[in-house]
Amino acid sequence: MCLCATEALADARLEARRHFRNGMNLIEQKQFDEGISELEEAYKIKPHPSVLYNIARAYQDAGRLEEALDAFKRYLASNPPDAANVQAQVTRLEATQQAASADAPAPGSTPGSQDSTLPMP
């Protein structure tokens, strides 16, 4: 391997690390969309399962369960050592998501609305 390839790899690693740190800092400040974007950029540069896990947690903390489940499942596909714990977390999130969709109002209705019509003045 030539020296220029080694330098390019080191630069990519540093760039990914910079995005990862920025993302985690933003997430700590509850700036989830910006933080997740930074983590996704880090993952594009240097794919690593732990970045996927952090993306999943950020989506979960932001209340975006569908995206969290997707990221957790991508993480599980890497066969991580904590797969049993993460699978249990996925199961809980799926149950929460199902309960939320069962409690959601029917499409087109508004909370507290009834089918009865009010008399015109």
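Once segment 1-45 is narrowed to residues that are outside any helix (DSSP H, G or I) and at pLDDT below 95, the residue that is farthest from V86 (Cα to Cα) is C2.
To keep it simple, each residue is scored yes or no on (1) touching a strand residue (DSSP E or B) at 6+ places or on another chain (Cβ under 8 Å); (2) acidic (D, E); (3) closer than 20 Å to F32 by Cα.
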{"residue": "A58", "(1), (2), (3)": "no, no, yes"}
{"residue": "A62", "(1), (2), (3)": "no, no, yes"}
{"residue": "E66", "(1), (2), (3)": "no, yes, yes"}
{"residue": "F72", "(1), (2), (3)": "no, no, yes"}
{"residue": "A77", "(1), (2), (3)": "no, no, no"}
{"residue": "V86", "(1), (2), (3)": "no, no, no"}
{"residue": "Q97", "(1), (2), (3)": "no, no, yes"}
{"residue": "D103", "(1), (2), (3)": "no, yes, no"}
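Scanning segment 59-73 for residues that are open to solvent by less than 30 Å² (accessible area, probe 1.4 Å) and either at pLDDT below 95 or part of a loop (DSSP other than H, G, I, E, B) (or both) turns up nothing.
For L76, the criteria (1) within 11 Å of the chain's Cα centre (by Cα); (2) surrounded by 14 or more Cβ atoms within 10 Å (Cβ to Cβ) hold in every case but one, which is (1).
The values are calculated or read from the model by the stated rules, or taken from the named source; none is laboratory data. Computed from a prediction, not measured in an experiment: that's the story for all the values here. Heads up, the Cβs are rebuilt from the backbone with ideal geometry, glycines too, and the neighbour counts pull from every protein chain shown. For the accessible areas, the whole protein counts, side chains as well, though only heavy atoms, and no ligand, DNA or RNA atoms are used. Shrake-Rupley method; radii C 1.70, N 1.55, O 1.52, S 1.80 Å.
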